[in-house]
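Derivation of every value follows stated rules applied to the coordinates shown; laboratory data play no part. In this text the structure is predicted, and so the values were computed from the model without any measurement. Reconstructed Cβ throughout: ideal geometry from the backbone, glycine too, with neighbour counts over all protein chains shown.
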Amino acid sequence: MNKILIITPYFYPSNSGGGGQVSIENLAFSLVENHEVEVLCNLYDVKLKKNISNVDFQIYKSLKIYYLNFSNFFKIIKIIKEKRFDFIYFNSFFSPICIFFQFFFFKSKVKILSPKGEFYEGALKSKSLKKRFFLIVFRRINFMQVFHATSTQEITTIAKLFPEAKIKLARDIPSQVMSISDRLGSSTSDKCFKVIFCSSLVPKKNLEFVINLLSQTNLKVDFDIWGQIVDKKYFEKIQNLLNTLPENINWEYKGELLFKESKFIFSNYDLFIFPTLGENYGHVIYESLACGCPILLSKGSTPWENLEENLLGYNLEILQPFKWLEKIEYFHGLNLDERKIRRNICIEYIRQNSDFEGIKIENQKLFIK
């Protein structure tokens, strides 16, 4: 049994970490079956602008979770410094808490760093100067032992930045708690074409691209947006763009969609449009397909590069918006029976390709010296 410390920006009971939080919680809950696992995360949830806990640490599902902020900083530092962890796992490269503790555990023998899609080209463009600076510093210091890549595509992105790095591959663990929906979308009809965008409302998710697409079509579309408002100024920009949409686009911001609610929501839509600039795994993609909702997805930015060949949707180049419009028209033109066929294909694909046990074994092997 190994002693493992996981360092991550967000963890239970926060709801702000998106897919990255889902990934690390699933990893932690699977590891605790065979190892002693402790978690260190931020007490102050920047996105929610409040503390997520009223205690310094708690036990949750056999995990000991430390909540770090200024008031308890030295207390928690003392606790974890006295412990001898076999592995230190960082669930981000650029998160401040992970950057700080990379230096704090400078002499630790085994550190595992998972960039969670942060090295994709689109993701690096956001706050690029700060990110380039940290990349240069880390390359020169060269004290990282192992990178965790969650796809063969991410191995390539890591190797480009750190050619000499040791990289281990282990896919992200999907959430088994999600029941795969057989619903066919009760509100779906030939006369109503429902499109969803679902993700945190930040530039990396590229909602502006969807809005610009819809502004160029004469098709009648019901367009719903689900996602947490992370930056009020950015959301104001989004609202201004939405207000310029023509009358044939009936749009509505629906609020934040929690993971436990997704299985009841995605099944009501005909198409998920997601031109993200970078996803480590894309739990929201998995959720959409498991509920029978096909996807238009940006090409080269997620591990889900096989949509077209499996009739799940299409992977499209961001620089070719006319292709996106063509596919929107295609899905809009499907009759009710054709949409149901598409839904069943998506549901069946997830049923047959959810290798939970195999993925768990891959992740266990990360923690073998």
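The table below lists the values:
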read-out	value
Per-residue Cβ neighbour rank within 10 angstrom, fewest leading, 198, 291	198, 291
Förster-model FRET efficiency, 22 Å R0, residue 218 and residue 253, C-beta, rounded to 0.05	0.40
Extension reserve of the residue 356-residue 323 stretch, reckoned as 0.36 nm per residue once the Cα distance is removed	8.5 nm
At 1.002 mPa s and 20 °C, Stokes diffusion of the range 73-127 via Kirkwood alpha-carbon radius, µm² per second	170 µm²/s
Neighbour-count order for 139, 343, 132, fewest beta carbons within 10 angstrom listed first	132, 139, 343
Residues 192, 98, sorted so that the one with the fewest Cβ neighbours within 10 Å comes first	192, 98
Share of Cα-Cα pairs in the range 194-353 lying beyond 19 Å, as whole percent	51 percent
Protection proxy ranking of 2-8, 65-71, 282-288 - average other beta-carbon atoms within 10 Å, highest first	282-288, 2-8, 65-71
Pairwise FRET efficiency - residue 330 versus residue 241, Cβ, R0 = 25 Å, nearest 0.05	0.55
Distance (nanometres) between label positions extended 7 Å along Cα→Cβ at residue 70 and residue 299	4.9 nm
Residue 310-residue 166 pseudo-label distance in nm [points 7 Å out on the Cα-to-Cβ vector]	3.2 nm
Net charge contributed by nearby residues that have their C-beta within less than 11 Å of residue 93 (K/R +1, D/E -1)	+1
Over the range 194-353, relative contact order from alpha-carbon pairs under 8 Å, at least 6 apart, %	23 percent
Linear extension gain, residue 137 paired with residue 3, 0.36 nm per residue minus alpha-carbon span	45.4 nm
Along each principal axis, Cα extent of the chain, largest first, Å	65, 43, 41
Sequence-separation-based contact order of the chain, relative, with Cα cut under 8 Å and 6+ spacing, percent	15 percent
GluC sites (Glu not before Pro) lying in DSSP loop within the range 13-112, provided at most 16 other Cβ fall within 10 Å	33
Stretchable slack from residue 78 to residue 106, in nm (0.36 nm times residue separation minus alpha-carbon distance)	8.5 nm
